[in-house]
Protein chains: 2
Amino acid sequence: MSADTAVLLLSGGLDSTTVLAHATDRNYRVHAMSFDYGQKNRFETQRAAAIARQYQVVEHRIVTIDLRVFGGSSLTSDAPVERDRPLDEIGTGIPSTYVPARNTLFLSYALCWAEALGAHNIFIGVNEVDTSGYPDCRPAFIEAFTQMANTGTRIGTESGVTIHTPLQRLRKAAIIRMGLALGVDYGMTNSCYHPDQAGRACGRCDACRLRLNAFEEVGIADPVPYQSSPAA
Amino acid sequence: MSADTAVLLLSGGLDSTTVLAHATDRNYRVHAMSFDYGQKNRFETQRAAAIARQYQVVEHRIVTIDLRVFGGSSLTSDAPVERDRPLDEIGTGIPSTYVPARNTLFLSYALCWAEALGAHNIFIGVNEVDTSGYPDCRPAFIEAFTQMANTGTRIGTESGVTIHTPLQRLRKAAIIRMGLALGVDYGMTNSCYHPDQAGRACGRCDACRLRLNAFEEVGIADPVPYQSSPAA
């Protein structure tokens with residue numbers, strides 16, 4: 001398979017959708033992978049599937065993994081998530097929405113698929129600026145994962161795997177500007193940790209607050225529907 | 001949780017059962033994890049559960065993962081596995097039974113659980129001597145995985161994770177001697193890639209041939225039942 005085949009982790013959120021637009025723009029043959037991990041937000045995988053269709057990826061696979069057996073996160077348990085936190089608190093400490101070693105597991109699945117496909121490229125939408133509380137979003141982690149992949153797989157030992165993190169150094173507003181330049185329809189994406197039954201975002205969780213703040217900074221309205229008028 | 005809590009990968013085979021006996025002997029509080037990954041060998045997880053009970057582990061969890069979606073291995077597809085290969089060919093090259101990046105995925109699951117438990121120890125029964133064809137059994141891979149874990153997880157960044165590989169430098173006969181000294185009942189274990197309906201080993205796949213050869217070297221009979229008298 002050609003060197004420009006890539007496995008791309010697609011949550012259906014703002015970040016990974018921007019990464020998909022970027023990889024498509026660079027002519028990668030994208031194999032998109034999403035995860036259904038018992039999260040409260042069941043809309044995620046539906047949004048991811050719609051976005052994958054729009055970008056005409058080669059294949060889109062949804063992997064079911066039951067992270068609830070590990071416990072330890074409000075995203076997959078009944079513990080409350082943070083709401084209405086001041087923006088300067090978001091991104092400090094390790095938030096309750098941290099799923100234990102999630103990116104390690106997601107990247108490992110991507111690596112399995114890359115190994116089976118003979119693909120040397122993996123794309124992931126991590127960025128450290130807005131997610132400094134997550135140890136598995138940092139460049140040092142991505143470098144360590146790459147080293148591990150290049151030691152423990154056939155493709156890695158033969159010719160190397162590259163983990164592409166095009167958003168690594170970008171703040172959320174810069175990600176939106178990058179996506180808009182690539183024609184991303186952010187109305188298709190979801191960021192909210194707990195949208196209502198109609199799929200409308202809450203506007204109050206950390207993810208919504210970061211997103212709304214970023215759209216305000218860019219100077220355009222967030223096209224997704226909210227449960228009530230966002231207090232932007 | 002105390003520093004001696006451990007997550008242990010238990011396939012129910014000869015190697016991981018020996019590792020369990022070793023970890024129990026060292027007084028680790030063992031949380032055992034097995035995988036049902038659509039393999040032909042469905043007896044594995046049953047054997048693993050029986051062995052976990054015998055060793056009175058704190059908990060045993062079986063994680064279902066569908067490696068078949070990745071393709072690429074005779075262990076999880078309908079492709080034939082090697083049979084009756086000369087012993088000096090086994091362990092050369094990457095065999096058809098290689099599941100893409102399997103140990104990366106299994107260790108990542110173990111790391112998720114360790115992170116949720118606050119456990120700093122992971123045990124895995126890899127050994128490079130009899131499995132030199134698998135890149136993810138080598139010490140360099142284990143070191144790279146440890147580095148990644150210590151960069152990308154809370155427990156790793158706080159106080160470090162240790163991946164214990166007590167069998168790393170042992171040949172199969174030495175593993176059996178170690179297990180016998182620890183009182184392991186090898187009659188409970190399964191190594192065969194495709195046992196029959198009664199659970200009897202084939203005696204002809206790479207795993208059976210390595211196992212039979214090792215028991216012969218130790219000078220005792222393999223206690224598991226075979227489909228026919230093994231040509232030892």
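The values are calculated or read from the model by the stated rules, or taken from the named source; none is laboratory data. Note that this is a predicted model, so its numbers are computed, not measured. Cβ coordinates were reconstructed from backbone atoms using ideal geometry, including for glycine residues, and neighbour counts include every protein chain displayed.
Candidates in segment B:37-58 are the residues that are of a type in the set (D, E, K, R) and in contact with a Phe, Trp or Tyr (Cβ under 9 Å, 6 or more places away or on another chain); of these, the one that is modelled with the lowest pLDDT is B:40. Annotation: of all residues in segment A:87-96 being in contact with a helix residue (DSSP H, G or I) (Cβ under 7 Å, 6 or more places away or on another chain) and within 13 Å of chain B (Cβ to nearest Cβ), the one that is modelled with the highest pLDDT is A:95. Could you say whether any residue in segment A:136-145 is surrounded by 22 or more Cβ atoms within 10 Å (Cβ to Cβ), in contact with a Ser or Thr (Cβ under 8 Å, 6 or more places away or on another chain) and in a loop (DSSP other than H, G, I, E, B)? No, the conditions are met nowhere in segment A:136-145. Looking at residue A:158 and the list (1) more than 15 Å from the chain's Cα centre (by Cα); (2) buried (at least 20 other Cβ atoms within 10 Å of the Cβ); (3) charged (D, E, K, R), which single condition is not satisfied? In the conditions (1) more than 15 Å from the chain's Cα centre (by Cα); (2) buried (at least 20 other Cβ atoms within 10 Å of the Cβ); (3) charged (D, E, K, R), residue A:158 misses (2) alone. Count of segment B:111-148 residues, restricted to those that are in contact (Cβ under 8 Å) with a residue 40 or more places away in the chain, of a type outside the set (D, E, K, R) and either more than 22 Å from residue A:157 (Cα to Cα) or more than 7 Å from chain A (Cβ to nearest Cβ) (or both), is 19.
Return the total of residues in segment B:173-193 being in a loop (DSSP other than H, G, I, E, B) and aliphatic (A, V, I, L, M).
Looking only at segment B:173-193, we keep the residues that are in a loop (DSSP other than H, G, I, E, B), and these are B:182-185, B:189-193.
Filter once more, keeping what is aliphatic (A, V, I, L, M): B:182, B:184.
Result for segment B:173-193: 2.
Against the condition at pLDDT below 90, more than 9 Å from chain A (Cβ to nearest Cβ) and either in a helix (DSSP H, G or I) or farther than 19 Å from residue A:142 by Cα (or both), how does residue B:99 come out, does it pass? Judged against the criteria, residue B:99 is not a match.
For the condition surrounded by fewer than 20 Cβ atoms within 10 Å (Cβ to Cβ) and touching a residue at least 60 places away in the same chain (Cβ under 8 Å), residue B:164 qualifies.
Could you list all residues from segment A:2-13 that are modelled with pLDDT of 95 or more and crowded, with 21+ Cβ neighbours inside 10 Å?
First pass over segment A:2-13, keeping only residues modelled with pLDDT of 95 or more: A:5-10.
Listed by number, the residues that qualify are A:6, A:7, A:8, A:9, A:10.
Residues in segment A:201-224 that are within 15 Å of residue A:14 (Cα to Cα) and among the basic types (Lys, Arg) were compared, and the one that is surrounded by the fewest Cβ atoms within 10 Å (Cβ to Cβ) is A:209. For segment B:194-221, a residue qualifies if it is closer than 16 Å to residue B:44 by Cβ, in a loop (DSSP other than H, G, I, E, B) and touching a residue at least 24 places away in the same chain (Cβ under 8 Å), and the qualifying residues are B:194, B:195, B:196, B:198, B:199, B:200, B:202. Applying the criterion of being touching a residue at least 12 places away in the same chain (Cβ under 8 Å) and at the interface with chain A (Cβ under 7 Å from one of its Cβ atoms) to the residues of segment B:149-158, the residue that is farthest from residue B:124 (Cα to Cα) is B:154.
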